[in-house]
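K.L.:
Below is the structure I would like to discuss, written out as structure tokens.
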Amino acid sequence: HPQTPRTLARSLTPHLHWRELVEVSCDLRVHPVVRRQAESLLRVRIEELSLGERIALARRASRGLIGCLIDGGDAPVLRALLGNPRTVESDAVRIAATPKGGPDLFRQCAEHPAWGQRPAVRMALLHNSRTPIAVALRLIDRLPAKDLHRLSKDVKVPKIVRVGADRRLSRVSGRPAANLERR
């Protein structure tokens, strides 16, 4: 309850179940000190939670827990984080750039109605060598010419993405595609 004295709330917080801690950490009516304490307790308990519980936590996690869940790197948890209303673009970029995810995660990230439209997320997916080729090539079709040019020259980008960007750029600009064999 928002009117609970702060000292009493802080003494009761360690005895709450993880679901109740999530509610406390997200309730803006609760004093910030108590919310931060609930987040700290959840960070400690995350390793003890089953995968299903971590997925449920990811769907409702507060801003303070999202980074911790991304660092955990479980693909189902990362997919659930994409739908969390508290996830911001920088979190989606971290998810798109993670080396731990599988093809389904990157496909869902690219096709997500909000995050798939963000240029930073698209570029992170294109720079990730674990992004499925079909997904990467679809993303290339939606890029502006300046990004295509940058991708075709970047040696850190997977070769298939560089070739695709160069071919798309040649279709857009009408110039012949560069020979990328020597790169």
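The values are calculated or read from the model by the stated rules, or taken from the named source; none is laboratory data. None of these values were measured; they are calculated from a predicted model. Every residue, glycine among them, receives a Cβ derived from its backbone with ideal geometry; neighbour counts consider all protein chains shown. Accessible surface areas use protein heavy atoms only, side chains included; no ligands, DNA or RNA. Shrake-Rupley method; radii C 1.70, N 1.55, O 1.52, S 1.80 Å.
K.L.:
With a point put 7 Å past each Cα toward its Cβ, work out how far residue 172 is from residue 88 in nm, to one decimal.
P.N.:
For residue 172 paired with residue 88, the spin-label model returns 2.9 nm.
K.L.:
Next up: Based on C-alpha coordinates, I'd like the Rg and Dmax of segment 64-120, in Å.
P.N.:
Both quantities, over Cα of segment 64-120: 9.9, 27 Å.
K.L.:
Another question, then. Kindly write out, for segment 84-89 in residue order, the coupling ³J(HN,Hα) from the Karplus curve 6.51 cos²θ - 1.76 cosθ + 1.60 (θ = phi - 60°), rounded to whole Hz, with x marking Gly and Pro.
P.N.:
Per-residue couplings from phi come out as 6, x, 8, 6, 10, 4 Hz.
K.L.:
Quick check on the chain: what does the Kirkwood estimate of hydrodynamic radius come out to from the alpha carbon pairs, in Å? Working shown, then result.
P.N.:
Working: mean 1/r = 0.0547 Å⁻¹.
The Cα-based Kirkwood calculation yields 18.3 Å.
K.L.:
On the accessible surface of segment 83-176, probed at 1.4 Å, how many percent belong to carbon and sulfur atoms?
P.N.:
58 percent
K.L.:
Report the trypsin sites (Lys or Arg not before Pro) located in segment 1-68 that are in a DSSP loop and have at most 12 other Cβ atoms inside 10 Å of their Cβ, or state none.
P.N.:
29
K.L.:
I'd like to check one number: the per residue accessible area of the chain, probe 1.4 Å, reported in Å² as a whole number.
P.N.:
On a per-residue basis, 54 Å².
K.L.:
Assuming 0.36 nm per residue, please report the length gained on full extension of the stretch residue 130 to residue 27 beyond their Cα-Cα distance.
P.N.:
33.4 nm
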